[in-house]
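The values are calculated or read from the model by the stated rules, or taken from the named source; none is laboratory data. Quick caveat: nothing in here was measured; it's all calculated off a predicted structure. All Cβ positions, glycine included, derive from the backbone under ideal geometry; neighbour counts span all protein chains shown. Surface areas here come from the heavy atoms of the whole protein model, side chains and all, with no ligands, DNA or RNA. Shrake-Rupley method; radii C 1.70, N 1.55, O 1.52, S 1.80 Å.
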Amino acid sequence: MNPAAIRAALPADVAGVMRALRTAGFGAYVVGGAVRDALVGRTPADWDLATEATPDQMRIIFPNAEYENRFGTVGVPTEAGIVREVTTFRADGASSDARRPDSIVFLQRIEGDLARRDFTINAMAFGLAPESSRRLDPVTDSALIDPYGGAEDLAAGIVRAVGDPAERFREDALRMLRAIRFAARFALTIEPATAAAIQRDAGLAARLSGERIGAEMDGVLAAARPALALQIAYDLGLIAAIAPALAADWADEIPKRVESIGGAAGTPAYDPLGRLAELFAQIVDDEDVAATLESWRRPRATIHEIRTIRTIDRMSNEAELAGGGRARAIDLRIAAAIANGDARDAARQLRRRIATGRASACATSMLAACEAADADALPAAAHDLAIDGDLLVAHCGEAPGAWVGELLGQLVIDAAHGRVPNTADALLSRAAEVRRSSLP
Ligand code: ATP
Ligand code: MG
């Protein structure tokens with residue numbers, strides 16, 4: 001835990017912004033996540049800077065600064081073609097929505113700005129105060145400002161709230177989920193007083209917006225070590241707050257299973273959907289899973305993919321019980337054609353599930369059957385048939401109606417399973433047979 005690690009990782013254009021602030025007589029610090037990440041040798045996602053210069057003053061120092069928001073953040077475009085965010089030191093006012101401060105005030109010193117931050121590991125700064133000698137270089141001479149012992153907590157593997165944890169979570173309930181996300185990313189545990197406060201107020205997380213909950217859970221599932229963090233989230237009552245259906249069917253092996261799927265973001269095995277599906281694997285009803293994902297405002301495509309994964313798992317488990325995969329593979333292609341408009345999606349999805357190591361033993365033979373069916377262009381949807389609805393209507397001599405689609409669906413199943421050849425004659429005579437038998 002050495003400031004030299006930050007110095008070494010600091011991009012040149014960020015150093016340039018720090019120098020410009022300093023030359024103008026202001027303090028300049030790297031703050032928050034970048035300091036934390038650099039200290040553990042991880043490449044920071046973004047390099048946030050903080051200064052006592054106000055947005056107006058920054059616009060004089062950086063004439064091409066782009067943007068200002070009411071939290072005092074200015075975007076400085078640098079020669080690296082990146083916009084670096086510089087935020088005026090600030091304190092947050094009270095919050096009436098348990099999420100965002102109602103007002104902010106600009107501050108003169110970094111210490112006040114660090115005090116508003118959520119956890120000690122996120123409340124460190126790297127830089128030089130304006131009152132330090134003018135001869136010092138703003139980068140090579142910079143030091144770690146760490147009033148809450150964040151570096152020590154990071155080394156010891158602890159998430160600890162800055163200040164009174166209960167107060168901090170009531171100000172902003174999202175912090176409870178952030179604690180879990182950081183625990184998952186860095187394999188941390190939660191300090192007892194911080195954990196106790198979460199346990200007491202976990203219910204507040206239910207009031208967060210679905211988007212925010214979903215984004216934090218994405219972060220947990222994309223992390224290197226989600227298992228322990230998920231267990232903590234369950235034990236502290238956060239899972240019950242954000243996903244009651246999951247809490248109701250919770251099983252102790254869920255966290256480890258989730259972690260065993262794929263890998264963290266940035267690794268070749270990264271499989272966020274596989275992990276998400278695993279998180280809910282214990283829940284029997286697809287609709288409960290979809291409702292939870294909808295409450296987290298997950299994209300339609302995600303909800304859809306999770307449904308597909310569950311269908312594949314269910315079908316391959318059934319196939320295994322039935323001692324054979326081919327018939328289920330054919331059904332799976334038809335299901336994929338209906339759900340995703342492409343029968344070849346069945347093989348694609350099976351391959352993905354097999355790669356996670358969580359598919360049933362039968363999945364491999366189902367995959368072979370799907371691939372063979374793809375190669376033979378076996379029908380899986382109405383448009384694969386040698387006849388269409390118009391021909392069917394003409395042949396049966398009846399008024400068009402819902403029966404046309406239903407009958408085509410039935411013919412697809414029959415043709416796919418080889419019960420009738422995919423030729424116009426065979427299909428039409430089969431259709432007539434089915435129609436006759438269904439008439440009163
Ligand atoms: P990541 O690597 O995921 O971006 P981060 O720590 O940089 O993690 P950000 O959301 O980018 O997280 O926030 C930057 C910094 O702002 C944090 O490190 C923390 O100091 C502060 N911060 C962010 N959200 C909150 C919050 N809800 N409450 C208090 N401080 C916060
Ligand atoms: Mg960040």
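Looking at the range 60-98, which GluC sites (Glu not before Pro) are DSSP coil and have at most 15 other C-beta atoms within 10 Å of their C-beta?
GLU66, GLU79
Which loop trypsin sites (Lys or Arg not before Pro) in the range 76-125, with loop taken from DSSP, have no more than 16 other Cβ atoms within 10 angstrom of their Cβ?
ARG99, ARG109
Would you be so kind as to identify which of GLY274, PRO421, ALA20 lies farthest towards the positive end of the dipole of the chain, taking Lys and Arg as +1 and Asp and Glu as -1 on Cβ and the Cα centre as origin?
About the Cα centre, the residue reaching furthest to the positive side is ALA20.
Restricting the count to DSSP beta bridges whose residues both fall in the range 4-150, what percent are antiparallel, rounded to a multiple of 5?
For the range 4-150, the DSSP antiparallel bridge percentage is about 85.
What residues qualify as long-range amide H neighbours of TYR270, i.e. H under 5 Å apart, gap of 5 or more or another chain, H built at 1.01 Å from N?
Here the answer is GLY263, since their amide H atoms fall under 5 Å of that of TYR270.
For the range 226-335, calculate the relative contact order in percent as a whole number, restricting contacts to Cα pairs under 8 Å that are 6 or more residues apart.
Reported as a whole number, the value is 19 percent.
Do any GluC sites (Glu not before Pro) in the range 327-416 lie in a loop, going by DSSP, with at most 16 other beta-carbon atoms within 10 Å of their beta carbon, and if so which?
GLU398
Largest first and to the nearest Å, give the Cα extent of the range 267-308 along each principal axis.
31, 21, 16
Residue farthest toward the positive end of the dipole of the chain, with Cβ of Lys/Arg at +1 and Asp/Glu at -1: which of GLY150, THR54, GLY93?
GLY150
Is there a quick way to get the dipole size of the range 301-375? I mean about its Cα centre, with the Cβ of Lys and Arg at +1 and of Asp and Glu at -1; what is the value in debye to the nearest 20?
160 debye
Enumerate the amide H contacts of ALA28 below 5 Å, restricted to partners 5 or more residues apart or on another chain; note that Pro and chain-start residues carry no placed amide H.
LEU128
Can you compute the charge dipole magnitude of the range 382-438 about its Cα centre, using +1 on each Lys and Arg Cβ and -1 on each Asp and Glu Cβ, nothing else charged? Give it in debye, rounded to the nearest 20.
For the range 382-438, the charge dipole is close to 180 debye.
In Å², what does the accessible area per residue of the chain work out to with a 1.4 Å probe?
45 Å²
Taking all protein chains as present, what is the carbon and sulfur share of the accessible area of the chain, in % to the nearest whole number, probe 1.4 Å?
Result for the chain: 53 percent of the exposed heavy-atom area is carbon or sulfur.
Relative contact order for the chain using alpha-carbon pairs under 8 Å, separation at least 6, rounded to a whole percent?
The value is 8 percent.
Of ALA339, MET124, SER209, which is farthest along the charge dipole of the chain in the positive direction, counting Lys and Arg as +1 and Asp and Glu as -1 at C-beta?
MET124
With N denoting the number of residues in the range 96-241, provide Rg(C-alpha) divided by 2.2 N^0.38 Å, to two decimal places.
The reported ratio for this selection is 1.14.
Taking the Cα of ALA339, stepping 7 Å toward and past its beta carbon, and measuring to each backbone N in the range 245-279: which are under 14 Å?
Under cut-off, by backbone N: 273-274, 277-278.
Please report the Cα spread of the range 301-375 along all three principal axes, rounded to whole Å, starting with the longest.
Principal-axis extents of the Cα atoms in the range 301-375, largest first: 32, 26, 19 Å.
Evaluate 2.2 N^0.38 Å with N set to the residue count of the chain, then give the Cα radius of gyration divided by it.
With N residues counted in the chain, Rg over 2.2 N^0.38 Å equals 1.31.
So what's the range 200-324 giving for Cα Rg divided by 2.2 N^0.38 Å, two decimals?
For the range 200-324, the normalised Cα radius of gyration comes out at 1.05.
In debye, nearest 20: dipole of the chain around its Cα centre with unit charges on the Cβ of K, R (+) and D, E (-)?
Computed charge dipole of the chain: roughly 640 debye.
With θ set to phi - 60° and the Karplus curve 6.51 cos²θ - 1.76 cosθ + 1.60, what are the ³J(HN,Hα) couplings of the range 358-371 in order, to the nearest whole Hz, using x for Gly and Pro?
For the range 358-371, the Karplus-derived couplings read 9, 6, 6, 4, 6, 4, 5, 6, 5, 4, 4, 5, 5, 5 Hz, x marking Gly and Pro.
Taking Cα centroids, how far is the range 90-131 from the range 283-338 in Å?
46 Å
Please give the direction-averaged projected area of the C-alpha convex hull for the range 334-423, in square nanometres with one decimal.
Projected over every direction and averaged, the Cα hull of the range 334-423 covers 6.4 nm².
Hey, what did the range 1-65 get for relative contact order, percent, Cα under 8 Å, at least 6 apart?
Worked out over the range 1-65, it gives 32 percent.
Any idea what log10 I(q)/I(0) is at q = 0.19 Å⁻¹ for the range 382-438, Debye with uniform C-alpha scatterers and no solvent?
-0.55
Could you derive backbone 3J(HN,Hα) for the range 301-318 from the dihedral phi with the Karplus parameters 6.51, -1.76 and 1.60 (θ = phi - 60°), listing whole Hz in sequence and x where the residue is Gly or Pro?
Per residue, the Karplus-derived 3J(HN,Hα) values read 4, 5, 4, 5, 4, 5, 4, 4, 4, 5, 5, 4, 4, 5, 5, 6, 5, 4 Hz.
So who's got an amide H within less than 5 Å of the one on THR189, skipping anything under 5 residues away but keeping other chains? H placed 1.01 Å off N, in plane.
Here ILE158, VAL159 satisfy the definition.
Read phi for every residue in the range 325-335 and hand back ³J(HN,Hα) as whole Hz from Karplus 6.51 cos²θ - 1.76 cosθ + 1.60, θ = phi - 60°, with x for Gly and Pro.
x, 5, 4, 5, 4, 4, 4, 5, 4, 5, 4
Take every DSSP beta bridge whose two residues both sit in the chain, then give the antiparallel share in percent to the nearest 5.
75 percent
Run lengths n ≥ 4 of DSSP H only: what is the helix-derived mean residue ellipticity at 222 nm for the chain, with -39500 (n - 2.57) per run over all residues, to the nearest 500?
-15500 deg cm²/dmol
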